[in-house]
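Taking it in order: structure first as structure tokens, then the write-up.
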Amino acid sequence: AAKAAGRGVHRFYSADMLAGARDRQQLEGDLRAALPAGEFNLCYQPVVRTVDAVVIGYEALIRWRHPVRGLVSPADFIPVAEECGLIGAIGEWVLRTACNEAARWPRDVRVAVNVSPVQFANPQLPGIVASALARSGLAPDRLELEITEGVFLKGSDSSDRMFAALKGLGVRLALDDFGTGYSSLGYLRTAPFDKIKIDQSFVRGAAQPGNRNAAIIRAIVMLADTLGMETTAEGVEIQDEIELVRSLGCSHIQGYVYGRPAPAAEVAAALGIDGRAVPSGFRVSRPSR
Ligand code: C2E
Ligand code: MG
Ligand code: MG
Ligand code: MG
């Protein structure tokens, strides 16, 4: 349950607490105040190309610094934001902020942004994305939207239209947490994903002898290859897992082994940006470790 709670992120709101209506009401109220109060920020985790260990982009991950409770995990507050109608405003802030920050990075470094199924169901989403791109000046192909299998729970007619509209903007689409949702392979037939992100639950333990996760990763990679989609192995924590997912053909790797989510200023420093100048053709080399 605490799967996504990175170090330093506190699962303050336990499931028990959220079950209590009073605590839940307080969380909603605090969440409502968080955006105007500037309590959110984005951290960025590197995504590495398997063949040469070059950082090709970063995934933006929201952080909420509660004035009293400290850092609250998105795994705790995103579902609440989805239920109480706040995800639209928060998601728009995430898109704008990620595009603005990534626009300062070298041109060959992309940014990935998580988009909730609730946002995906809003016909205004393409307009919101277009506006974030236009205001920031970020090239559309540098933005990758990560969606989960949850978007397919609703009718496929509207999701087909949404996919077409987003692809029409020139952005990339990734299928996040693949294999954990109500998976039906049927949607891979038509949905225009550029990338499948293999959930970290399949990476966990995969490098141990006899573990069946490796067979599942291999099958996902074969499927993705055949469909012309890239694959990112999520949650790679140790060298053995790097070697395993490389041998299984994953095109990209993301996980603590290459870097934990870090604030924008740290990423800018790692990219050699002093605040203005962006060296042309700049490449981030393999983190030394
Ligand atoms: P996700 O999109 O699958 O993001 C990956 C999560 O795995 C992140 O947790 C990341 O910190 C964590 N992670 C990365 N590498 C490792 C590793 O090697 N080991 C382990 N154990 N964990 C690793 P985080 O930041 O707590 O986010 C959790 C989830 O919250 C995300 O899962 C995503 O579903 C959601 N989320 C985060 N930011 C946003 C956002 O801006 N908008 C929306 N809608 N959802 C978000
Ligand atoms: Mg994601
Ligand atoms: Mg994921
Ligand atoms: Mg996830």
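Details
- Förster radius 35 Å - calculated FRET efficiency between residue 26 and residue 208, Cβ distance, rounded to 0.05: 0.25
- Among the trypsin sites (Lys or Arg not before Pro) in segment 177-267, those located in a DSSP loop and surrounded by at most 12 other Cβ atoms within 10 Å of their own Cβ are 212.
- Sites listed here are trypsin sites (Lys or Arg not before Pro) in segment 81-164 whose DSSP assignment is loop and whose Cβ has at most 15 other Cβ atoms within 10 Å: 107, 154.
- Residue 89 versus residue 121: modelled label distance in nm, points set 7 Å from Cα along the beta carbon direction: 2.0 nm
- Here the simple spin-label model places points 7 Å from the Cα toward Cβ, and for residue 262 and residue 189 these points are separated by 4.5 nm.
- Candidates 73, 136, 247, ranked by Gaussian network fluctuation over the chain, Cα under 10 Å, top entry: 247
- Close amide H pairs (under 5 Å, H built 1.01 Å from N) link residue 196 with 175, 230, 231, 232, residues at least 5 positions away or on another chain.
- Counted residue by residue at 0.36 nm each, then reduced by the alpha carbon distance between them, the extension gain from residue 157 to residue 75 reaches 26.6 nm.
- FRET efficiency for residue 39 and residue 135, using Cβ-Cβ distance with R0 set to 25 Å, rounded to 0.05: 0.65
- Of the residues 226, 148, the one with the fewest other Cβ atoms within 10 Å heads the list, and the complete ranking is 226, 148.
- Length gained when the stretch residue 237-residue 222 is fully extended (0.36 nm per residue, less Cα-Cα span): 3.1 nm
- Positive-end extreme of charge dipole, segment 65-133 - chosen from 72, 124, 85 (charges on Cβ): 72
- Ranked for footprinting exposure by Cβ neighbours inside 10 Å, fewest first, 250, 43, 84, 99 give 84, 43, 99, 250.
- Mean residue ellipticity, 222 nm, helices only, the chain: the sum of -39500 (n - 2.57) across DSSP H runs of n ≥ 4, divided by residue count and rounded to 500, is -11000 deg cm²/dmol.
- Modelled spin labels at residue 54 and residue 247, positioned 7 Å past Cα toward Cβ, are 2.7 nm from each other.
None of the figures in this text is laboratory data; all of them are computed from the coordinates on show. It should be emphasised that the depicted structure is a prediction, and the values quoted were computed from it without experimental measurement. Ideal geometry is used to build each Cβ from the backbone, glycine not excepted, and the neighbour counts take in all protein chains shown.
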